[in-house]
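Chemist: Mind having a look at this structure? Questions to follow.
The values are calculated or read from the model by the stated rules, or taken from the named source; none is laboratory data. No experiment lies behind these values; they were computed from the predicted model shown. All Cβ positions, even for glycine, are placed from backbone atoms using ideal geometry, and neighbour counts span all protein chains on display. Surface accessibility is based on the protein's heavy atoms, side chains included, excluding ligands, DNA and RNA. Shrake-Rupley method; radii C 1.70, N 1.55, O 1.52, S 1.80 Å.
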Amino acid sequence: PLPTMSHVKPDRRRSSLGGAGTGNELLDMFNAFASFGASNAGAAPVHAEMDSAKFAKLCRECKLIDGKFNSTRADLVFAKLTAQYKQEHKAQRLTFADFQKALELVATEKGVGLDIVRASVCNSDGPLLTRVGIRG
């Protein structure tokens with residue numbers, strides 16, 4: 001049997017992002033993290049793309065980072081899926097299709113089922129606004 005992530009409750013459904021019970025929870029969370037910090041963050045982007053920093057933020061805040069999968073591994077997953085864009089001299093960003101592949105790679109690296117990783121993302125509270133302290 002595959003190990004589980006004890007903080008994940010697969011039956012919990014999100015409603016604050018409008019995806020409860022529709023099967024769109026994963027897309028809603030992708031859009032929420034991809035558009036975090038953008039001036040249009042309140043509106044759902046039609047063609048959202050996620051950069052490396054936002055993918056790392058998602059991995060941290062959805063509790064995907066642990067002893068088996070650290071932030072360096074998250075960066076490598078991102079780089080693997082965006083290598084083709086770099087060769088084409090395009091911005092290195094994940095589309096939703098790329099993001100789904102990234103979650104498969106995360107599940108493989110963590111040694112858990114894809115449903116567990118997806119549930120961890122869908123059960124997240126979304127991107128958190130954190131304050132960075134300034135030394136003075």
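Chemist: Is there any pair with a first residue in region 64-77 that is more than 18 Å from residue 119 (Cβ to Cβ) and touching a residue at least 12 places away in the same chain (Cβ under 8 Å) and a second that is in a loop (DSSP other than H, G, I, E, B) and open to solvent by 70 Å² or more (accessible area, probe 1.4 Å) whose Cβ atoms are under 7 Å apart and which are 6 or more apart or on different chains, and what are they?
Modeler: Correct list of pairs: empty, since none qualify.
Chemist: Would you be able to say whether some residue in region 93-115 is part of a loop (DSSP other than H, G, I, E, B), open to solvent by 60 Å² or more (accessible area, probe 1.4 Å) and closer than 17 Å to residue 34 by Cβ? Give the derivation first.
Modeler: Within region 93-115, the first condition is being part of a loop (DSSP other than H, G, I, E, B), and the residues that meet it are 93, 95, 111-113.
Checking the rest, the ones that are also open to solvent by 60 Å² or more (accessible area, probe 1.4 Å) come to 93.
Retained after the next criterion (residues that are closer than 17 Å to residue 34 by Cβ): 93.
Yes: region 93-115 contains one or more residues that are part of a loop (DSSP other than H, G, I, E, B), open to solvent by 60 Å² or more (accessible area, probe 1.4 Å) and closer than 17 Å to residue 34 by Cβ.
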